[in-house]
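Read the structure below first, then the notes.
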Amino acid sequence: MLPLYKILFFSTLISSTMISISSQSWLGMWMGLEINLMSFIPMMSYHKNMMSTESSIKYFIIQALASTLILMSIILMTNMFLISYDFSSMIFNSALFTKMGAAPFHFWFPEMIEGLSWMNSLILMTWQKIAPLVIFSYNINNLISMFVVIFCMMISGFMGINQISLRKIMAYSSINHLGWMISSMMFNQMIWMIYFLIYSIMSINIIFILNKFNLFYLKQLFYHMKNNKTIKLFFIMNFLSLGGLPPFIGFFPKWITIQTLISNQALMLTFIMMILTLITLFFYVRITFSSILLSSSEIK
């Protein structure tokens, strides 16, 4: 049973995102993001995890910094005689990328998620990305987006490949999917929403089971897979789906994103994204193959 204060803060978390995405002014959006930040921090406290306090402080500092940049860029954008609109818009977008944990502004994200419970991690990887993504879609810049997308793909692939912590694997996976969402947002507003919905469903599937069995590291996962064939099948299907392997549902949003990018002549970007996503898919396949081929006693 959730404590009463967490239910209260969860409701303000939901409403603050709604304020942000339905606001007609930049200041209203900023206010929604601030309420969102102050609602999530109390939810992060967890008496069984000593790192949750550290994570909440990290989260507060990073988000407060990003909020300051957003407010500053709003002031600059509304007073164009101070500085060029493009520059202030770039600051604004960079702050939003920091808020959502997109590369190269991602450094806080995997480290912070390591100190959270699975349920908080799920909120951070799904719900907390809605407001920054929607606000970014109002002020999209294709050139910045392309760089961010490529960075997301590279960092999630190369940094996730040697992780043993399931939370960090999920965090780098989130960064990878964020890259796909931003790329689809450049050309079609509807596709990123479909992508986000499917990604959220896949994340909920995986995280609920990881939370149920209290699994945080690959070794624990392999042990549970060895003892329970149903869980093994479930994880194999979900991990491959998260990696975007056909015929699983995770392939569908990637497919429509690729189709959109190709139809808009973004061939080079599509090629780079596909190649770099293969690295991410590799470590999902490695996890699933290890669980099939090896017993837990062989995995040290």
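The values are calculated or read from the model by the stated rules, or taken from the named source; none is laboratory data. Nothing here was measured: the structure is a model prediction, and the numbers come from that model. Virtual Cβ from ideal backbone geometry, glycine too; neighbours counted across all protein chains shown.
Take the conditions (1) assigned to a loop (DSSP other than H, G, I, E, B); (2) at pLDDT 90 or above; (3) surrounded by 19 or more Cβ atoms within 10 Å (Cβ to Cβ); P110 misses just one of them, which is (1). Among the residues of the range 45-97, the ones that are of a type in the set (F, W, Y), at pLDDT 90 or above and either within 24 Å of L143 (Cα to Cα) or surrounded by fewer than 13 Cβ atoms within 10 Å (Cβ to Cβ) (or both) come to 2 in all. Being crowded, with 20+ Cβ neighbours inside 10 Å and more than 30 Å from L215 (Cβ to Cβ) is the filter here, so list the residues in the range 235-256 that pass it. Scanning the range 235-256 gives no hits.
The one condition from (1) surrounded by 14 or more Cβ atoms within 10 Å (Cβ to Cβ); (2) farther than 20 Å from K129 by Cα; (3) β-branched (V, I, T); (4) out of contact with any Leu (no Cβ under 8 Å at 6 or more places or on another chain) that T12 does not meet is (2). Condition check for I194 on (1) among the β-branched types (V, I, T); (2) touching a Ser or Thr at 6+ places or on another chain (Cβ under 6 Å); (3) assigned to a helix (DSSP H, G or I); (4) at pLDDT 90 or above: one failure, at (2). Would you confirm, using the coordinates I've provided, whether M153 is surrounded by fewer than 18 Cβ atoms within 10 Å (Cβ to Cβ), assigned to a helix (DSSP H, G or I), within 16 Å of the chain's Cα centre (by Cα) and among the aliphatic types (A, V, I, L, M)? The answer is no for M153. Can you confirm whether L221 is at pLDDT below 90 and in contact with a Ser or Thr (Cβ under 8 Å, 6 or more places away or on another chain)? In short, yes. Set side by side, the residues N205, N162 differ, and just one is at negative phi, surrounded by fewer than 24 Cβ atoms within 10 Å (Cβ to Cβ), touching a helix residue (DSSP H, G or I) at 6+ places or on another chain (Cβ under 9 Å) and not in a helix (DSSP H, G or I), which is N162. Scanning the range 129-154 for residues that are of a type outside the set (V, I, T) and within 16 Å of I198 (Cα to Cα) yields K129, L133.
Residues of the range 212-234 being without any contact (Cβ under 8 Å) to a residue 24 or more places away in the chain and either farther than 21 Å from M119 by Cα or crowded, with 17+ Cβ neighbours inside 10 Å (or both), which ones? Across the range 212-234, the qualifying residues are H224, N227, N228, K229, T230, I231, L233.
Yes or no: the range 260-281 includes at least one residue that is surrounded by fewer than 16 Cβ atoms within 10 Å (Cβ to Cβ), over 30 Å from L143 (Cα atoms) and not basic (K, R). No; the residues of the range 260-281 include none that is surrounded by fewer than 16 Cβ atoms within 10 Å (Cβ to Cβ), over 30 Å from L143 (Cα atoms) and not basic (K, R).
Checking the stated criteria, S137 turns out not to satisfy the condition of being more than 16 Å from A66 (Cβ to Cβ) and within 10 Å of the chain's Cα centre (by Cα).
In contact (Cβ under 8 Å) with a residue 24 or more places away in the chain, over 20 Å from T257 (Cβ atoms) and more than 13 Å from the chain's Cα centre (by Cα): is that true of L240 in this structure? So L240 does not fit the description; no.
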